[in-house]
Amino acid sequence: MLVIIGTIDYNLKDMDHQSFATNKLISGKTLSAKRQEALTEKVNGLDSKISVVSILVGDDPPSVLYTELKQKKAAEVGITFTPITFLDSVDFSTIVDKITELNNDSSIDGIMLQLPLPKVFLGEHTHQELTELIDPQKDIDGLTTKRLVPPAAVQAVLSILDEEYITVFDMPVVVMGASELVGKPMADEFEKMGAHVTVINSKTENPEEITLGASLIVTAVGKPGILTGDMVHEGVVVIDIGTLVIEDQLEGHVQKKVVGDVDFESVLPKAKRITPVPGGVGPMTIIALLENCVKLKEMN
C-alpha cells in the first residue's frame, strides 16, 4: 500500500505500519481548522471589523501564494485583508512612505510586510529598516523589536504544543536556527515557559551531541535535511518550521516540491510526534497571524 505523508512516499505492508506512521503526525490542517472555528466566533463578537494591509514587493511565487492563502483565510474568519503589490523595481522610499501612511491611518488595524524582500529592491538596505517602521500596535506578524505579540511562526509552534498537550517546563529543548525573526524569539518564549533551552547556529560544533539530548527539537534553519535520524533519540518531538521549494528529478521530469529542515524519512521512526512539511506548521502560522490581529485589536 502506498501512503503519502507530507512529501515522502512510504510503501506500507499492512495497516499496523500505516497507523504507526500516521499516528505520529501532527496535522496542522486539523489543528488550524479547530482554531479557525474559535477565531471566527471571536471575530464575529468584536464591536468593529478588523482591517489588515499586506505589502508585497515583487512576484516571488511562494510569497504570492502565501499572500493569497492569508487573504483567503482572513475572509473566512471575517477579517478584511487587502494586499498591495509593488514591482521589485519600486523605490525603497516608496515603501517607507506607504508604511508611514498606513501607520497614520486609523482605519487600518494591522500591517504586514511579506518577506523575503527581493535583493534587487533592497540594494544596500535591509528588511529590518522597513519592519522597524511598522507601528508595534499594528505589527501583527511580530517583526519589530518592540513587538507586542510573538512572531506568527513562533505563535504557531506554541499553539501546536498547546493543542497537543505538550508541556515544556523543565524539558530539554533545542532550537535549530538563531534568526532574529524566528529562532531567537522562539528560544525566548521557551525560556519564559521554564524549558532548558539550547540554540544551535551555523557555528555550533557537533550539533548532534546536543540534539540527542533533547526531548523537543524545533528547526528553523531553511536547509533541507539538516536534522537526520541519527541526531535524535527515541521518543523525541520534532517541530519543523523550515519550508523550502526545491526541484526534484522524478522519472526524467523536474518537479518542484515543498520540503522542510527535517530529513523526514529517517527521523519519523524515532519520533513520538512530528510535523510534516507541508501540512504542519504552515497552516497554523496563518491562523496564528490572524489570532495576532485579534490580540492587537483587543489591546488597542
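The values are calculated or read from the model by the stated rules, or taken from the named source; none is laboratory data. The shown structure was predicted, so the numbers you read here are calculated from the model rather than taken from an experiment. Cβ placement follows ideal geometry from the backbone for every residue including glycine, while neighbour counts extend to all protein chains displayed.
Where helices (runs of 4 or more DSSP H) fall wholly inside the range 20-132, the ranges with 3 or more residues that are in contact (Cβ under 8 Å) with a residue 40 or more places away in the chain and outside the structural domain of Asp162 (by TED's automatic domain parsing) are 28-44, 61-77, 92-103. Would you tally the residues in the range 135-145 being within 20 Å of the chain's Cα centre (by Cα) and without any contact (Cβ under 8 Å) to a residue 40 or more places away in the chain? Qualifying residue count, the range 135-145: 4. Taken over the range 61-108, the criterion of being buried (at least 18 other Cβ atoms within 10 Å of the Cβ) and either on the phi > 0 side of the Ramachandran plot or touching a helix residue (DSSP H, G or I) at 6+ places or on another chain (Cβ under 9 Å) (or both) is satisfied by Tyr66, Lys70, Lys73, Ala74, Val77, Ile79, Phe81, Ile95, Ile99, Leu102, Ile108. Determine if the range 117-129 includes at least one residue that is out of contact with any Asp or Glu (no Cβ under 9 Å at 6 or more places or on another chain), modelled with pLDDT of 95 or more and farther than 25 Å from Gly222 by Cβ. Within the range 117-129, none of the residues are out of contact with any Asp or Glu (no Cβ under 9 Å at 6 or more places or on another chain), modelled with pLDDT of 95 or more and farther than 25 Å from Gly222 by Cβ.
Hey, any hits in the range 170-179 for a residue that's assigned by TED's automatic domain parsing to the domain that holds Glu265, closer than 30 Å to Lys297 by Cβ and either acidic (Asp, Glu) or crowded, with 18+ Cβ neighbours inside 10 Å (or both)? Yes. Against the numbered list (1) surrounded by 15 or more Cβ atoms within 10 Å (Cβ to Cβ); (2) modelled with pLDDT of 95 or more; (3) not β-branched (Val, Ile, Thr), His233 comes up short only at (1). At least 1 residues being closer than 20 Å to Gly28 by Cα and over 17 Å from the mean Cα position of the chain (by Cα) is the threshold, and among the helices (runs of 4 or more DSSP H) wholly inside the range 170-275 those reaching it are 264-267.
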